[in-house]
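The values are calculated or read from the model by the stated rules, or taken from the named source; none is laboratory data. Quick caveat, the model's predicted, so the values are computed rather than measured. Using ideal geometry, Cβ is built from the backbone for each residue, glycine included, and neighbour counts are taken over all protein chains shown. These area figures cover heavy atoms from the full protein model, side chains too; ligands, DNA and RNA do not enter into them. Shrake-Rupley method; radii C 1.70, N 1.55, O 1.52, S 1.80 Å.
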Amino acid sequence: MDFAFSDEQEELRDTVRSFLGRRSTPADVRRLMADARGYDEETWRLMAGQLGLQGLALPEEYGGSGFGLVELGVVMEEMGRALLCGPFLSSAVLAAQAVLASADRQACKDLLPGIASGETVATLAVTEQSGHWTADGIALSAEHTAGEWRLTGRKYYVPDGHVADLVLVAARTAQGVSLFAVDANAPGLTREALPTLDLTRKQAMLDFQVVPARLLGADGAAWPALRRALDIAVIALAVEQVGGAFAALDMAVDYAKTRVQFGRVIGSFQAVKHQCADMLVAAESARATAHHALWAAATDAPDLRVVASGAKAYCSEAFTRCAEANVQIHGGIGFTWEHSAHLYLKRAKSAEIFLGAPREHRELLAQAAGF
């Protein structure tokens, strides 16, 4: 395993950080939090047209750049640091990886070029009212009648589901869990944005009433492919959490160096030093965990499932600890709407349960260990 990023990967990081420094400022984040769509279309187009981010980890034959998951992780870390508002995780990671994992070459040729170019915003609909990201939690039904598939049921907590042009849907047929592609304008599909704690990442409820759909891959054979796509998305989210943790740490340290109380900067107080040190340990440990998971995904390691769950469990809690400490170090101003500290805390709490809460991933780890 190579524990260092290459010069090209570091250059990618610098480029993305510079871009987001201009296009995802605190003012931009607050503006898009109040926007019904939840993202800036011009920024989305620039991400695709100038930087090629949406297709970064997709094969060249499907319109992508042909880079790997490590490069995708570099981008996700910077997006987490900047609290980017946009459907990148849902479209370029969840949906794109689900299509790739389906091994349906025709579907890849038809669907991935649009995702790679940014012209198509896609998402993956797995969870239902229980909120479980498991095969057992999938009850939405698919029936094959009159030569076509039709879906009936509801999906909840679908990231960016209210704005997606393409929805990849996990549904249950007589053969088992299958994956379907649904056009957002399909008859019988109703979409409703859901109220969320984290306004920087929108979610939706999708109601399917006999909606026509396209089967991807083999009927009843989708769960292993979906599981791999979810593992990759879990790791991408863990890396994003690392970026958020370091942003919270930097914010807290900068404030501790300038805020004066009792004639001294608060960073000189032992209690504040301890909090900042604990944040650094949590963030650095999370970074090491997430980067190891990236390597496991990039090399298709046999223990990918275990590594992904371990990274998600640890990075979720590390981000939350850093975000909470950041609010505490800022004191009274840290609790106000005007300050950005609460935005990282809300993203941390939302990301903590998205794609499975830490306790769920620890249960998966226990099962893998034979307990």
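Residues being within 17 Å of Leu94 (Cβ to Cβ) and among the small types (Gly, Ala, Ser): count how many of those fall in the stretch 51-80. So the answer is 5. You will find that of Ser141, Ser130, the residue that is touching a residue at least 12 places away in the same chain (Cβ under 8 Å) and either under 18 Å from Pro224 (Cα atoms) or polar (S, T, N, Q) (or both) is Ser141 and no other. Determine, yes or no, whether Glu77 is among the acidic types (Asp, Glu), farther than 19 Å from Leu197 by Cα and buried (at least 24 other Cβ atoms within 10 Å of the Cβ). So Glu77 passes the test. Could you tell me which residue of the stretch 153-207 is nearest to Ala34 (Cα to Cα), considering only residues that are open to solvent by less than 30 Å² (accessible area, probe 1.4 Å) and without any contact (Cβ under 8 Å) to a residue 24 or more places away in the chain? My answer is Ala184.
Against the definition (among the hydroxyl-bearing types (Ser, Thr, Tyr), under 19 Å from Gly244 (Cβ atoms) and free of Cβ contacts under 8 Å to residues at least 40 places away in the same chain), how does Thr15 come out, yes or no? Spell out how you get there, then give the answer.
Details: among the hydroxyl-bearing types (Ser, Thr, Tyr): yes; under 19 Å from Gly244 (Cβ atoms): no; free of Cβ contacts under 8 Å to residues at least 40 places away in the same chain: yes.
So Thr15 fails the test.
One residue alone among Ala98, Ala116, Ala103 is in contact (Cβ under 8 Å) with a residue 12 or more places away in the chain and open to solvent by 20 Å² or more (accessible area, probe 1.4 Å), and that residue is Ala103.
Taking the criterion of being of a type in the set (Gly, Ala, Ser) and modelled with pLDDT of 95 or more, the residues of the stretch 140-155 that qualify are Ser141, Ala142, Gly153.
Arg305 falls short on exactly one of the conditions (1) assigned to a helix (DSSP H, G or I); (2) modelled with pLDDT of 95 or more; (3) out of contact with any Lys or Arg (no Cβ under 6 Å at 6 or more places or on another chain); (4) surrounded by 14 or more Cβ atoms within 10 Å (Cβ to Cβ), and that condition is (2).
Evaluating Pro113 against the criteria (1) closer than 25 Å to Pro195 by Cα; (2) touching a helix residue (DSSP H, G or I) at 6+ places or on another chain (Cβ under 8 Å); (3) modelled with pLDDT of 95 or more leaves one unmet condition, (1). Residues considered: Glu363, Glu338. Of these, the only one that is free of Cβ contacts under 8 Å to residues at least 12 places away in the same chain, surrounded by fewer than 19 Cβ atoms within 10 Å (Cβ to Cβ) and under 24 Å from the mean Cα position of the chain (by Cα) is Glu363.
Taken over the stretch 262-284, the criterion of being within 22 Å of Thr320 (Cβ to Cβ) and either open to solvent by 40 Å² or more (accessible area, probe 1.4 Å) or outside any helix (DSSP H, G or I) (or both) is satisfied by Ala271, Lys273, His274, Gln275, Ala277, Asp278, Leu280, Val281, Glu284.
Identify, from the list Val75, Val99, Val126, the residue that is β-branched (Val, Ile, Thr) and over 28 Å from Val210 (Cβ atoms).
Working: Val99 fails: over 28 Å from Val210 (Cβ atoms); Val126 fails: over 28 Å from Val210 (Cβ atoms).
Every option except Val75 fails the conditions.
In summary, Phe5 fulfils each of the numbered conditions (1) modelled with pLDDT of 95 or more; (2) over 21 Å from Thr120 (Cα atoms) with the single exception of condition (1).
Within the stretch 43-55, the set of residues being within 17 Å of the chain's Cα centre (by Cα) and either open to solvent by 10 Å² or more (accessible area, probe 1.4 Å) or among the aromatic types (Phe, Trp, Tyr) (or both) comprises just one member, Trp44.
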